[in-house]
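The values are calculated or read from the model by the stated rules, or taken from the named source; none is laboratory data. Everything numeric here is computed off the predicted structure, so don't read it as measured data. Positions of Cβ are generated from backbone atoms using ideal geometry, with glycine treated the same way; all protein chains shown enter the neighbour counts.
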């Protein structure tokens, strides 16, 4: 049975090893933030981070994910305080929200590799489709998230439902800066 680490917890899936990671996450692990969009890798709604790289979970089997570290939107931050999540809200880059988890994961992976991405970097790293057309705001949000992660800016966004305002007002933790960006 394929074993991996999902959101910093060891997991063993008692499923066919050829099962797409998407379905193992959603159906067996109940991590439903990873969305099913197209099933063939075109839309990016199912994006997760695997060993630091943004991957479409509909295209990778649990056998291929064995021994690897997987992060889903639920593991990005428990309280939605990750700079990408905060910036997406602050810039109004969320409409219906269906594509948002995949976009947030692709953006988080980008910022782990590139502390100050250019617009071209962002466009190349975010292949996700958004029917609501938030692309200009999305670029601004990722640029802003980079500034927040580098502690050059703070975001005073309203807390998400169910989060105590005092908890939401705490300082956003710094992200590791890639060695080539220091």
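When region 68-95 is examined, which residues are found to be part of a loop (DSSP other than H, G, I, E, B), touching a strand residue (DSSP E or B) at 6+ places or on another chain (Cβ under 8 Å) and over 24 Å from residue 132 (Cα atoms)?
Passing the criteria: only 68.
Can you tell me which of (1) out of contact with any strand residue (DSSP E or B) (no Cβ under 9 Å at 6 or more places or on another chain); (2) more than 18 Å from residue 76 (Cα to Cα); (3) in contact (Cβ under 8 Å) with a residue 60 or more places away in the chain is the one residue 117 doesn't meet?
Every condition holds for residue 117 apart from (3).
Determine which member of the set 124, 115, 107 is outside the structural domain of residue 33 (by TED's automatic domain parsing), surrounded by 23 or more Cβ atoms within 10 Å (Cβ to Cβ) and not in a strand (DSSP E or B).
107
Give region 14-49 a look and list any residue that's without any contact (Cβ under 8 Å) to a residue 24 or more places away in the chain and not in a loop (DSSP other than H, G, I, E, B), or say none.
Listed by number, the residues that qualify are 23, 26, 27, 28.
Yes/no matrix, rows are residues, columns are (1) outside the structural domain of residue 68 (by TED's automatic domain parsing); (2) within 17 Å of residue 64 (Cα to Cα); (3) surrounded by fewer than 14 Cβ atoms within 10 Å (Cβ to Cβ); (4) in contact with a strand residue (DSSP E or B) (Cβ under 6 Å, 6 or more places away or on another chain):
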position: 9; (1), (2), (3), (4): no, no, yes, no
position: 13; (1), (2), (3), (4): no, yes, no, no
position: 18; (1), (2), (3), (4): no, yes, yes, yes
position: 22; (1), (2), (3), (4): no, yes, no, no
position: 31; (1), (2), (3), (4): no, no, no, no
position: 37; (1), (2), (3), (4): no, no, no, no
position: 40; (1), (2), (3), (4): no, yes, yes, no
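Filter region 45-62 down to residues that are touching a strand residue (DSSP E or B) at 6+ places or on another chain (Cβ under 6 Å) and under 14 Å from residue 98 (Cα atoms) and give me whichever is surrounded by the most Cβ atoms within 10 Å (Cβ to Cβ).
It comes out as 47.
Against the condition farther than 27 Å from residue 40 by Cβ and touching a helix residue (DSSP H, G or I) at 6+ places or on another chain (Cβ under 7 Å), how does residue 144 come out, does it pass?
When the stated conditions are applied, residue 144 passes them.
Would you check which residues across region 91-120 are more than 19 Å from residue 31 (Cβ to Cβ) and in contact with a helix residue (DSSP H, G or I) (Cβ under 7 Å, 6 or more places away or on another chain) and list them?
91, 92, 93, 94, 110, 111, 114, 115, 116, 117, 119 - these are the residues of region 91-120 that are more than 19 Å from residue 31 (Cβ to Cβ) and in contact with a helix residue (DSSP H, G or I) (Cβ under 7 Å, 6 or more places away or on another chain).
Consider residue 65 carefully, then state whether it is in a loop (DSSP other than H, G, I, E, B), more than 14 Å from the chain's Cα centre (by Cα) and buried (at least 23 other Cβ atoms within 10 Å of the Cβ).
yes
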